[in-house]
Amino acid sequence: MRKETIILVGFMGTGKSTVGRILADRLGWAFTDSDRFIEREQGMPIPDIFRERGEAAFRALETDAIKRLVRMRRRVIATGGGAVLAAENRKAMLAGGLVVALKARPETIVHRVGGGVDRPLLAGDVQNNVRRLYNERRNAYDFANLTVQTDGLSATDVAEVILNYMVKGNR
Ligand code: S3P
């Protein structure tokens, strides 16, 4: 069966949203970033949710959002970097569509996230926080159906790799 939902997972700064938009455009599908979806529903930016309600509350909102989003067809979904940590999220993603992991070296990630202002888990010493979380989550994205190493590739290149994989029907 041809899966009509693509779920992008990966560490912060691996390009999920940029690649997701390009992919959706090329496929003529809708695009949703789960963080933006949560922000819209809560009427509050992610850093405020973390600060005012705590990470656990954010994770509960994230699980709820993912379970609903993966049921939608003809849609590319970019998930937050920590969305893969809960087994129930991973299960929902695999059941919902083609799960694609975007990977990048920590140096690439540090470069891409810049000051990290929109990302509460990186606030302060961005470089150290990236390295620590990167190590903690080393194998967290390995459950995906397809993994793309994005270092040195443009977002369009990455989208192309995913589209080729889909055309070849390697699922
Ligand atoms: C997080 C990643 C963020 C966002 C939140 C937590 C994480 O999403 O969901 O700040 O735990 O890795 P991006 O991966 O889109 O930056």
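Where a number appears in this text, it was derived from the coordinates with a stated rule and is not lab data. This one's a predicted model, so the numbers in the text were calculated from it and none came from an experiment. As a convention, Cβ positions derive from the backbone with ideal geometry for all residues, glycine included, and neighbour counts pool all protein chains shown.
Using only C-alpha atoms and all pairs of different ones, pull out the Kirkwood radius for the chain in Å with one decimal.
The answer is 16.1 Å.
Suppose each label sits 7 Å from its Cα in the direction of the beta carbon; what would the F143-A30 distance come out to in nanometres?
Going from the F143 label point to the A30 one covers 2.5 nm.
Search the structure for amide H atoms under 5 Å from the amide H of T147, placed 1.01 Å from N in the peptide plane, and list their residues when 5 or more places away or on another chain.
A101
With a cap of 11 neighbouring Cβ atoms within 10 Å, and only residues DSSP puts in a loop, list the GluC sites (Glu not before Pro) found in region 10-52.
none
When you count, for each residue, the other Cβ atoms within 10 Å and take the mean per peptide, how do 60-71, 135-146 rank with the highest first?
Order by mean packing, descending: 60-71, 135-146.
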